[in-house]
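Below: one structure, written as structure tokens.
The values are calculated or read from the model by the stated rules, or taken from the named source; none is laboratory data. Keep in mind that what you see is a predicted model, and the values were worked out from it rather than measured. Cβ placement follows ideal geometry from the backbone for every residue including glycine, while neighbour counts extend to all protein chains displayed.
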Amino acid sequence: MRKTMEQIVIEGQAARCGSLEELYLLWQMMQQMEEEPFGSTCYEEIDPRSFHIDGAVSPEHYDGTLFILKETSMKKQIRKGQTMPVVSDVRRDLRTGRSPSGEVEYLPYLRGMKRILDGGSASGDKAPLLKTAVIYVNKRGGKGAADDISMDYGFYYSEFLKRQIQLLEPRTIICCGEDIFRLVAMEVFQNKKTKKNQETYMKWKDVVAGDILPADRRFKPVKDLAQADIQVIRMWNPAYRVNNGQYVSLEEYLREFQRRTEGAKICKNC
């Protein structure tokens, strides 16, 4: 997708900005300058000016745990025939553990994963999310469709996503989706290689240990997980389906997360 010179300049400003507030302003400006968003980075039913503010749920409690999900849900607004842009701070829903608008989904999944990372039971109170940050790849929101629009948005705005992650200074990143893991590994940690035919792909051999990509504080992959400052964990999308299209249950999902994160205990600095 083509970018104008103005957009390229804004992208450069985003890469250098010193605060999330400044980044969000540039991000919204960039969205409004996009020439043909519908069908490429935006759904027809969603106003392209829509923007969801995310990040550290409670900055004073944040411990470096970052969840990255595909999109906020705009299904409720679409059913109502919403025609105005939706601009909201979804961190409020994450703090309270309730989402009256329906924009924040999968709260029990996030709470369960955080408890497992903290070494406790997957069930319990709602407090663990206060210690986390949550990022949605598609800041406009989506409708839960099995297409590429939200991930195309992520690659189009990869410089903004990269800077947001850098400013949050995470120690453990949980990518809730194979496509999200690939996006973050390639664009944020620059773990990619271009073939002679110009095709770009993600490097796996001697880089990804099982389901974990270890990296240093400069966001560069390292080979030894024990010496890593950041660990990027590959996990299923909470809407993952198996067995003839059936959704994986919450219990199955959290069991799989526990299995994948056994190696995370080796990362002493994370």
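Kindly evaluate THR83 against the criterion of being part of a strand (DSSP E or B), within 27 Å of MET33 (Cβ to Cβ) and of a type in the set (Val, Ile, Thr).
No: the conditions fail for THR83.
To keep it simple, each residue is scored yes or no on (1) surrounded by 16 or more Cβ atoms within 10 Å (Cβ to Cβ); (2) farther than 15 Å from ALA215 by Cβ; (3) touching a residue at least 12 places away in the same chain (Cβ under 8 Å); (4) touching a Lys or Arg at 6+ places or on another chain (Cβ under 9 Å).
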residue: ARG163; (1), (2), (3), (4): yes, yes, yes, yes
residue: GLU169; (1), (2), (3), (4): no, no, yes, yes
residue: THR172; (1), (2), (3), (4): yes, no, yes, no
residue: CYS175; (1), (2), (3), (4): yes, no, yes, yes
residue: ILE180; (1), (2), (3), (4): yes, yes, yes, yes
residue: MET186; (1), (2), (3), (4): yes, no, yes, yes
residue: LYS192; (1), (2), (3), (4): no, no, no, yes
residue: LYS195; (1), (2), (3), (4): no, yes, no, no
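Could you grab me the full set of residues in the stretch 49-76 that are in contact (Cβ under 8 Å) with a residue 60 or more places away in the chain and in a helix (DSSP H, G or I)?
Once the filter is applied, which keeps residues that are in contact (Cβ under 8 Å) with a residue 60 or more places away in the chain and in a helix (DSSP H, G or I), the stretch 49-76 yields only LYS75.
Can you report the number of residues in the stretch 86-120 which are assigned to a helix (DSSP H, G or I), of a type in the set (Lys, Arg) and surrounded by fewer than 17 Cβ atoms within 10 Å (Cβ to Cβ)?
Summing the residues that are assigned to a helix (DSSP H, G or I), of a type in the set (Lys, Arg) and surrounded by fewer than 17 Cβ atoms within 10 Å (Cβ to Cβ) in the stretch 86-120 gives 2.
Just checking, does the stretch 37-57 include any residue being of a type outside the set (A, V, I, L, M), surrounded by 15 or more Cβ atoms within 10 Å (Cβ to Cβ) and either over 23 Å from ASP148 (Cβ atoms) or in contact with a His (Cβ under 8 Å, 6 or more places away or on another chain) (or both)?
Yes.
What number goes with the only condition from (1) of a type outside the set (Ser, Thr, Tyr); (2) surrounded by fewer than 18 Cβ atoms within 10 Å (Cβ to Cβ); (3) farther than 12 Å from SER50 by Cβ; (4) touching a Lys or Arg at 6+ places or on another chain (Cβ under 9 Å) that LYS76 does not pass?
(4)
Listed here are the residues, each with its yes/no results for (1) among the aliphatic types (A, V, I, L, M); (2) at pLDDT 90 or above.
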{"site": "VAL104", "(1), (2)": "yes, yes"}
{"site": "PRO108", "(1), (2)": "no, yes"}
{"site": "ALA122", "(1), (2)": "yes, no"}
{"site": "ASP125", "(1), (2)": "no, no"}
{"site": "LYS131", "(1), (2)": "no, yes"}
{"site": "VAL134", "(1), (2)": "yes, yes"}
{"site": "VAL137", "(1), (2)": "yes, yes"}
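Could you check the stretch 8-34 and list, in sequence order, the residues that are part of a loop (DSSP other than H, G, I, E, B) and over 19 Å from THR83 (Cα atoms)?
CYS17, GLY18, SER19
When the residues of the stretch 139-162 are filtered to those that are charged (D, E, K, R) and not in a helix (DSSP H, G or I), which remaining residue is modelled with the lowest pLDDT?
ASP147
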